[in-house]
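What follows is a set of notes on a single structure, which appears directly below.
The values are calculated or read from the model by the stated rules, or taken from the named source; none is laboratory data. Not measured: the values here are computed from a predicted model. Please note: Cβ atoms are built from the backbone with ideal geometry, for glycine as well, and neighbour counts cover all protein chains shown. Remember, those area values only see protein heavy atoms, side chains included, never the ligands or the DNA or RNA. Shrake-Rupley method; radii C 1.70, N 1.55, O 1.52, S 1.80 Å.
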Amino acid sequence: MEEWFTSYRIPLGAWMRNFVDFINAYAAGFFNLISDVFGFLIDGLIDILLWVPPLALIAAIAALAWFMQRSWVLVTGTLLSLLLVLNLGYWEATVETLALVMWATFLCMAVGVPLGIAAAHRPWLFTVLRPILDLMQTIPTFVYLIPTLILFGLGVVPGLISTVIFAIPAPIRLTQLGISSVPKQLLEAGQAFGATRSQLLWKVELPHALPTIMAGLTQCIMLSLSMVVIAALVGADGLGKPVVRALNTVDIGRGFEAGLAIVVLAIILDRVARQPNRGKGGS
């Protein structure tokens, strides 16, 4: 019985391979256009960041940290951490990683927040999205790295697309959660004052859900940084490359230094992007 059952194997792998081959054959121009556009945007941002002298960019990031959080502890930690990265010789790789994370986070939030809002207002849409989001979060990243590599070619773009696929469920889920958790009393009060649906969204729902949405932003940043090493396997520049090289050569020192630079960047972005706490201005 078992042999009979396994002899009629469902060819899911063959179907997926044929699907990828089909869209690669008939939509190669479209994917090449996307690859060229995103490659140009990422390379342009890297060129701009590298054009700025490192010490000036470090000072600008520290000033942004102060503007966002009003914390001298954060500013001091940002300065010392980035100066350490510069001293170790990983500044250019850090800038390349920063550009990749910034674009990935921007795309995730630009798509994820509207989808989360729509899913909160339409429960049937969230029911449809939920298994898709579960699949995107749980499937091994190397699995969808293969079709993105085939469709977009070697370079930073397949790394960007794979990062977006991996990270976008977080802003979608947390935005949906934040909008859905708005108390009905607030909505009824807004409706009683004659607010339209768009006014309810912008003046009631989004302000109430902002902490949850910001949590989705920080989660997106962390998930994007966790893809840095995997993106390097398909040609993406940044801090993932020295980690991969250290792994190939069993170089503990280089691996530790590059990993430390990733940790430093992750902590700085997380602390700067999180919901500010104005009540502890001097901390």
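Looking at ARG271, ARG245, just one residue is basic (Lys, Arg), in contact (Cβ under 8 Å) with a residue 12 or more places away in the chain and closer than 30 Å to TYR90 by Cα, and that residue is ARG271. Evaluation of GLY77 against the conditions (1) farther than 17 Å from LEU265 by Cβ; (2) in contact with a helix residue (DSSP H, G or I) (Cβ under 9 Å, 6 or more places away or on another chain) shows that the sole unmet condition is (1).
Here VAL52 does not fit the description of being under 16 Å from ARG271 (Cα atoms) and at pLDDT below 90. Figure legend. Inter-residue proximity from region 175-195: first residues free of Cβ contacts under 8 Å to residues at least 40 places away in the same chain and on the phi < 0 side of the Ramachandran plot, second residues of a type in the set (Asp, Glu) and open to solvent by less than 30 Å² (accessible area, probe 1.4 Å), beta-carbon distance below 7 Å, spacing 6+ or different chains. Indicated pairs: VAL182/GLU205. Scanning region 244-261 for residues that are of a type in the set (A, V, I, L, M), in a helix (DSSP H, G or I) and surrounded by fewer than 24 Cβ atoms within 10 Å (Cβ to Cβ) returns VAL244, ALA246, LEU247, ILE252, LEU260. Annotation note: of LEU80, LEU57, the sole residue that is open to solvent by less than 30 Å² (accessible area, probe 1.4 Å), without any contact (Cβ under 8 Å) to a residue 60 or more places away in the chain and either among the β-branched types (Val, Ile, Thr) or assigned to a helix (DSSP H, G or I) (or both) is LEU57.
Filtered by the rule that a residue be part of a helix (DSSP H, G or I) and open to solvent by 40 Å² or more (accessible area, probe 1.4 Å), region 35-54 gives ASP36, VAL37, PHE38, PHE40, LEU41, ASP43, ASP47, ILE48, LEU50, TRP51, PRO54.
The set of residues from region 98-111 being open to solvent by 60 Å² or more (accessible area, probe 1.4 Å) and in contact with a helix residue (DSSP H, G or I) (Cβ under 9 Å, 6 or more places away or on another chain) comprises MET102, VAL111. Of the residues that make up region 224-242, is at least one assigned to a helix (DSSP H, G or I), farther than 26 Å from GLY112 by Cα, open to solvent by 20 Å² or more (accessible area, probe 1.4 Å) and at pLDDT below 85? Yes - at least one qualifying residue is present in region 224-242.
Does LEU201 satisfy being part of a helix (DSSP H, G or I) and either open to solvent by 40 Å² or more (accessible area, probe 1.4 Å) or farther than 28 Å from VAL95 by Cα (or both)? Yes: the conditions hold for LEU201. Considering region 63-77, and only residues there that are crowded, with 16+ Cβ neighbours inside 10 Å and under 22 Å from the mean Cα position of the chain (by Cα), the residue that is nearest to PHE38 (Cα to Cα) turns out to be ALA65. In region 112-127, is there at least one residue being over 24 Å from LEU187 (Cβ atoms) and either touching a helix residue (DSSP H, G or I) at 6+ places or on another chain (Cβ under 9 Å) or assigned to a helix (DSSP H, G or I) (or both)? No, that holds for no residue. Restricting attention to region 20-29, the residues being touching a helix residue (DSSP H, G or I) at 6+ places or on another chain (Cβ under 9 Å) and either of a type outside the set (D, E, K, R) or surrounded by fewer than 11 Cβ atoms within 10 Å (Cβ to Cβ) (or both) number 5. Under the condition of being of a type in the set (S, T, N, Q) and closer than 22 Å to LEU135 by Cα, which residue from region 163-196 is nearest to the chain's Cα centre (by Cα)? It comes out as THR163. Confirm whether ALA209 is buried (at least 21 other Cβ atoms within 10 Å of the Cβ), among the aliphatic types (A, V, I, L, M) and on the phi < 0 side of the Ramachandran plot. Spelling it out, ALA209 is indeed buried (at least 21 other Cβ atoms within 10 Å of the Cβ), among the aliphatic types (A, V, I, L, M) and on the phi < 0 side of the Ramachandran plot. The sole residue among LEU217, LEU154, LEU149, LEU160 that is within 27 Å of ASP237 (Cβ to Cβ), among the aliphatic types (A, V, I, L, M) and open to solvent by less than 20 Å² (accessible area, probe 1.4 Å) is LEU160.
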